[in-house]
1. Would you mind calculating the relative contact order of region 15-72 from Cα pairs under 8 angstrom and at least 6 residues apart, reporting the percent as a whole number?
2. Let me see the P(r) profile for the chain: every Cα-Cα distance counted, bins of 10 Å, each bin given as a percent of all pairs.
3. Could you work out the relative contact order of region 1-119? I mean the mean sequence separation of Cα pairs under 8 Å and 6+ apart, divided by the number of residues, in percent.
4. List the relative contact order of region 69-140 as a percent without decimals, with contacts defined as Cα pairs under 8 Å and 6+ residues apart.
5. Multiply the residue separation of Met7 and Thr140 by 0.36 nm, subtract the distance between their alpha-carbon atoms, and state the gained length in nm to one decimal.
6. How much of the accessible area of region 68-120, in percent, comes from carbon and sulfur atoms when a 1.4 Å probe is used?
7. For the pair Gln114/Tyr44, report the inter-label distance in nm, with labels modelled 7 Å from Cα in the Cβ direction.
8. Suppose all protein chains stay in the model; what accessible area per residue would a 1.4 Å probe give for the chain, in Å²?
Amino acid sequence: MIPRKMMYQEDEKLIIGHFLNDIVGEDRYLRFGHNASDEVVVQYLTDSFKSFGDTTMWFITLDKNEVVGTVHVTKDGPHYAEMGFTVSPNYRNQGIAQNLFHRGSTWAVVKGAQTLFTHCLSQNKVMQHIARKNGMNIIT
């Protein structure tokens, strides 16, 4: 499955559905670093959609018009970019996060980022694996 850039207003609804239905419990805790309520998640997503384009980008992986993976990339200053990932539980271990990493990091570099980072909890071993695999340093 090849990730694509979020392009349509309908994509916003699909991303919100993905976060509310697939990224729950421990997955939501690992993604946000706390037990974010549905309201907090929707507000975060809505705010990110408003700044979409020049400094913020979403890439999504779809299966049958359902979002199964995302990367949210935000330029954090002129030379830095932060990336945050999600993959639906039933779609893990299929290379989706790796493909999203490549797509998101390519966009960030084109936008001038020289340093990429992601915040993750120490117990998020999957994200740490992806980071290491892509040459990122793990700082605890």
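The values are calculated or read from the model by the stated rules, or taken from the named source; none is laboratory data. Computed from a predicted model, the values in this text were never measured in an experiment. Backbone-built Cβ (ideal geometry, glycine too); neighbour counts: all protein chains shown. Areas reflect the complete protein model, heavy atoms only, side chains present, ligands, DNA and RNA absent. Shrake-Rupley method; radii C 1.70, N 1.55, O 1.52, S 1.80 Å.
1. Over region 15-72, the number comes to 29 percent.
2. 12, 45, 38, 5
3. 26
4. It comes to 32 percent, rounded to a whole number.
5. This chain segment gains 44.3 nm when fully extended.
6. 49
7. Between Gln114 and Tyr44, the label points sit 3.0 nm apart.
8. Value for the chain: 56 Å² per residue.
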